[in-house]
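Novice: Pasting a structure below so you can have a look.
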C-alpha cells in the first residue's frame, strides 16, 4: 500500500485531486502504528476518506501549510508524539540539541507550543476551514494548567490555539465520529456531543447541555489561588477516570471550556482492526537521513494500550486511559509473522509490549464496579480485589511469538511493574527464561516510603520482596541476570535527606542505576499539581518541593554514587543534608581521609 500523500503530486498519483482531511504533525511521517498521526490517518483512509499529511511544516510561513491545498472537511493538528515544550527543553529548562522524531535527529523542526502555532497558521491560510486539535499536547492542556516553562497557570489550549474542536485521549472513536459527521454535512455545532472532545461555548450553550455537569473553579480562580487549583485537579481526575464521567466545564472570562465525557475504550476486535491496517512500517521515502525514533521501534509490536497504574507523575493514564485495551493473541502473532517477512528484519522483535508490558490482558472482572469506579489506580495503595491479571495468557503469547518462523528472539523492552509479579509467576518465568538480555529494568522510582506514597508507587518493602524473588528465580533457572532500577530525583515530597537514604539503601541492596530521571512537571499530572501548589490535592497537607536547580542537581548526583565524577557533588549533598558521616559507607575511599569541599573542588588532606 503506498504512503499517504505529503505533496499534491503524490495525491494526484492516487487519483485524489482533492483531500477530505489533512493532518498537520510536529513529527516526521513514519508510516508505523506506533505513531498516532499515521495510525489515525490510516484508519480514516480505511473508511473511505482521502487523507494527506503535512509533516513538520515550516511554521514561519503560511505557504508551508498550503502544500496539499484546501481540505474538503477539516484539518487535524497535533504537536507530535511529545508535548513540544518537553521535546525542546530539559528539566533544567535548557534547550535540547536533538529531536528523535526528526530526520538526522536535528532540533528545531517544530516550534514551541506547536499546536497553537500550527493552528494559527492554518487559520491564516484557510480561515473558513475547521481545525480539530489533538495529540498529547492538546490532550493534557485542555483545561487551565500549570506550565513549568513559564511558571504560571495558562488557560485551556483551545483558547490560545483558537481551534474549532479538541480531541483528547486516544482519538479513534471521536475522530471517526467527527469525520462522518462532516461528511454527512453536519454543522460544527452538531458535533458538540461527541465523547472525548472539548469545545468553547458561552452561557447559553452551557444551559443547553443535558445530563450532569461538573463545573471546575474558573481559570481566573486557579491562576491566583492554589487551593482552587488543587480543587480543580481533584474534580478533573475524578470525572475523567469515571466510566460514566460527567461533562466538565471551566469558565474562562465570559466563555466556557466544555469537555465531554471520555471516549469509550476500543474493544479487542476494534483494536485488532486498527493494527491490521496496511502500514508501510517505514519513514516516507523522501527522507534521506535516519530518524532515531523509528530506528528504536521499527521491529517492535504494540500488544495493548492504557495503564491501570495511575502513577502520580505519568501522563499515560490521563491520555490513554486507565482501562487496558488488549489486542487478541491471533492479531499480535499475525503481525509478528508479517514483521519476520520484511527483508530488513534481523530475527529480533525488539519489543513486545505496551505502556507496561505485563499489563497485557489485565482488566476489571466486575463490570458494575468498573462503571462506578473512581480510583485513579488499580494498584495503589493496594491491588484492587477486582483486578484480573492474565498471567497464563501473557506468558503463552511470549512463548508463541518466539516460535514464529523467522523469529530468533523476542525482547520485552517496555517497562514492567515488579509489584505485579507476585501474581504472575508464569509470565515472570517466561520473561526471565527467554526475553531478558541479562538485565531486567524495573522502576521503583524511589526507595523511601514517604516519597513513593507521593508518587503512587509501591514502597521499599514491596521492592525488596521482588528483588529477593527475582534472585531466587534466576538462581533456579541458572541465569546470571541483574536488576537495573530506574529512579527519579526532584519529585515532590523528596528532600535531600530522603535522597541520601535512597542512595544508602540502593548500595546496601547491591544495585546501581544506569540513569536517573529528573522530575519534569508536565501538564495535567498529580505530581505537577503538587509541584505548583505545594499541596496534596486529596489530604490538603503541605508537601515539600525541591525547586532550586542546585538541590535538584544534588539529589540526582546522590543516586549516582558509583560514578567517580559525581564524588564532589555527593560530598556537597551530604554536607548540605548534615549527613557527612554517611560518606564512609557511600564513598568508601573517604575512610581515613578528611574531606573538605571548597570552591567546587574536592580537596583531600591526610
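Every number here is computed from the coordinates shown, using simple stated rules; none is lab data. Here the structure is a predicted model, which is why all the values come from computation and not from measurement. Note that each Cβ is placed from the backbone with ideal geometry, even for glycine, and that neighbours are counted across all protein chains shown.
Novice: By count of other Cβ within 10 Å, fewest leading, how are 430, 464 ordered?
Specialist: Ascending Cβ contact count within 10 Å gives the list 464, 430.
Novice: Between helix 114-125 and the chain, what is the angle of the helix's C-alpha long axis to the longest principal axis, kept within 0 to 90° and rounded to the nearest 10?
Specialist: 20
Novice: Could I ask something else about it? Compute the acute angle (0 to 90°) between the alpha-carbon long axis of helix 172-183 and the principal axis of greatest extent of the alpha-carbon atoms of the chain; round to the nearest 10°.
Specialist: The angle comes out at about 20 degrees.
Novice: Also, quick follow-up: Once both labels are modelled 7 Å past Cα along the beta-carbon direction, what's the residue 202-residue 188 spacing in nm?
Specialist: 1.5
Novice: Mind pulling the angle between the C-alpha long axis of helix 496-508 and the longest principal axis of the chain? Nearest 10 degrees, somewhere in 0 to 90.
Specialist: Rounded to the nearest ten degrees, it is 70.
Novice: Another one. Going by average Cβ neighbours within 10 Å, how do the peptides 173-179, 251-257, 375-381, 535-541 rank, with the highest at the top?
Specialist: Result, highest mean Cβ count within 10 Å first: 173-179, 375-381, 251-257, 535-541.
Novice: Can you give the % of DSSP beta bridges in the range 439-606 that are antiparallel, to the nearest 5?
Specialist: 45
Novice: Shifting gears a bit: Quick check for you: which residues of the range 427-470 have the amide N under 16 Å from the point 7 Å beyond the Cα of residue 375 toward its beta carbon?
Specialist: 456-459
Novice: If you don't mind, there's one more thing I want to ask. Using only alpha carbon pairs under 8 Å that are at least six residues apart, calculate the relative contact order of the range 439-606 and give it in whole percent.
Specialist: About 20 percent, as a whole number.
Novice: Rounded to the nearest 5, what is the percent of antiparallel bridges among the DSSP beta bridges in the chain?
Specialist: About 45 percent, rounded to the nearest 5.
Novice: Looking at the range 299-437, what % of its DSSP beta bridges pair antiparallel, to the nearest 5?
Specialist: 45
Novice: Ignoring everything except DSSP H segments at least 4 long, calculate the 222 nm mean residue ellipticity for the chain; use -39,500 (n - 2.57) per segment, divide by total residues, nearest 500.
Specialist: Helices in the chain give a 222 nm mean residue ellipticity of -10000 deg cm²/dmol.
Novice: Any chance you could tell me what percent of the C-alpha pair distances in the range 8-197 go past 23 Å?
Specialist: 40
Novice: Which whole-number percentage describes the relative contact order of the chain, with Cα contacts under 8 Å and a sequence gap of 6 or more?
Specialist: 11
Novice: Still on this model: Going by how many other beta carbons lie within 10 Å of each one, how would you line up 520, 450, fewest first?
Specialist: Lowest to highest Cβ neighbour count: 450, 520.
Novice: Whole Å is fine, so just give me how far the alpha carbon centre of the range 440-512 lies from that of the range 337-373.
Specialist: A separation of 25 Å, based on Cα centres.
Novice: Listed highest first by mean packing, meaning other Cβ atoms within 10 Å per residue, what order do 226-239, 347-360 come in?
Specialist: 347-360, 226-239
Novice: Using Cα pairs closer than 8 Å and at least 6 residues apart in sequence, work out the relative contact order for the range 299-437, in percent.
Specialist: Computed value for the range 299-437: 29 percent relative contact order.
Novice: Enter the Cα centre distance for the pair the range 56-101 and the range 105-159, rounded to the nearest angstrom.
Specialist: 9
Novice: Then there's this: In bins 10 Å wide, starting from 0, what share of all Cα pairs of the chain does each bin hold, as a percent?
Specialist: P(r) for the chain, in whole percents per bin: 3, 16, 25, 27, 19, 8, 2, 0, 0.
Novice: Measure out, as a whole number of angstrom, how far apart the alpha-carbon centroids of the range 388-409 and the range 238-286 sit.
Specialist: When both Cα centres are located, 29 Å separates them.
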